[in-house]
Structures are given as structure tokens and as C-alpha cells.
Ligand code: CO
């Protein structure tokens, strides 16, 4: 007996619709992918990379985890970045957080959630790093929104510091790292004004 029949119905309808619009679509995609973008975002079900950016299958390589964290010893994330940069030759890496992020909120409040608290310690590190600025905001909604933004900026810097990105820049490969935040309430992306295209762009204590 087939499980989750509604999902398979959805899938058949989707595949048929795509083929109607572009008969060669799946055949072409099966032969190669050529994405220009790597998206590193939150696992939150409300933040689907392709839909938000209006991109088709094949146009964005994706890595998602809770609170869009880039840890230098995370082989999963590093492997995605390395494959995207060295093999797919993406031109842009987008680190995208979102307002209303449950992971960021739990890190901020020290919520008891079990094992995942260890993962979220990386976001708590960002909070500690920027505690003076965050404490000055007083209103908790503004503090949380700002921590979402600061977390994106820190994780984008982490991407820049990987040997993968440093080596790509050293050999002259065109590669930019962007920090964005997505609004659940309006569906809009915001550019946080951080765009790193060379080692000199990162700033701060390297
Ligand atoms: Co989130």
C-alpha cells in the first residue's frame, strides 16, 4: 500500500504541468545542473529557497540547517560549499536568515529544547559577541530581529573564512558572499548590505 498518496498525486500533477510548459525540461535537467547561486538558509518550512527567489529547479544549490549556521568543522556544510564553489562554480553564496526564526529565539532566550541547544550555542556566541548593541535596543522584538541579522552577518563571514572561499579568491575565481534576511510577514528579502567579494571585504579581526 502506497503511503502519503496526496504527495504522490501532487508530484504527478507538478511533473505533468512542468512537461506541458517545457517538454524538454526534465530531460535537460537530468543531463546537468548549472546553478549560479548557493543558498545557505534556515530549515524553517516557511523559507523555501527556490520559491522565494522565483527560481526553477536547477538554478540554486541549497544547504539548510536550523538557524542558518556555518560552523567551520561542519563537514556537511563545508562539503556543500566546496562542491558548489569548486565543481559547480557558483558565482554567489547567499546566507539568508529570517525574522521570527525559532532557532534564534531559542538561543536568545535559552529555551530548553534538548540536543539542539548545543547547535544553537553557535547563535548564542553571536549574541554574546554583540551583547552591547543588543542590550541597547531594549524592545525584545527589535533585539530578536537584530540578532537574526547579526547571525546572518557572522555566518556569512564564516563562509568567507573557509579555505574553500579563500582559495577561490586567491586563484581569481569570481565569487561573492551575500547576507540577506527574509520577512515571514511580507515575503520579502532584504539585503543587509554585506557583500564580500575579496578577503579585504570581510573586515574585523581576521
Ligand atoms: Co529559522
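If R0 is taken as 35 Å, the Cβ-Cβ distance between residue 12 and residue 121 corresponds to a FRET efficiency of 0.20. For the range 1-89, the relative contact order is 25 percent, taking Cα pairs closer than 8 Å that sit 6 or more residues apart in sequence and dividing their mean separation by the residue count. Length gained on full extension, residue 2 to residue 19, computed as 0.36 nm times the residue gap minus the Cα-Cα distance: 3.7 nm. The length gained on full extension between residue 55 and residue 43, counted as 0.36 nm times the residue separation minus their Cα-Cα distance, comes to 2.5 nm.
Over all directions, the projected convex hull of the C-alpha atoms in the chain averages 14.6 nm² in area.
Annotation: extensible slack from residue 198 through residue 111 equals 27.6 nm (criterion: 0.36 nm per residue apart, minus Cα-Cα distance). Working ranking of peptides 143-149, 91-97, 26-32, 192-198 by packing, defined as the average number of other Cβ atoms within 10 Å per residue, highest first, is 91-97, 143-149, 192-198, 26-32. With contacts taken as Cα pairs under 8 Å at a separation of at least 6 residues, the range 34-201 carries a relative contact order of 25 percent. Counting beta carbons within 10 Å around each of 115, 18 and listing the fewest first gives the order 115, 18.
Neighbour counts of other C-beta atoms within 10 Å: give me 101, 42 arranged from fewest to most.
The most exposed by this proxy come first: 42, 101.
DSSP beta bridges fully contained in the range 34-201 are about 25 percent antiparallel. Could you run the Debye sum over the Cα atoms of the range 120-191, one equal point scatterer each and no solvent, and tell me log10 of I(q)/I(0) at q = 0.18, 0.19 Å⁻¹, two decimals? Each listed q corresponds, in turn, to -0.81, -0.86.
Taking Cα atoms only, the orientation of helix 140-161 departs from the longest principal axis of the chain by about 70 degrees.
In terms of the mean number of neighbouring beta-carbon atoms within 10 Å, the peptides 170-176, 155-161 order highest first as 155-161, 170-176. Taking all Cα pairs closer than 8 Å and separated by 6 or more residues, the relative contact order of the range 161-200 comes to 37 percent.
A short reminder: the numbers here are calculations on the coordinates, not readings from a lab. Computed from a prediction, not measured in an experiment: that's the story for all the values here. Every residue, glycine as well, gets a Cβ built from its backbone with ideal geometry; the counts of neighbours run over all protein chains shown.
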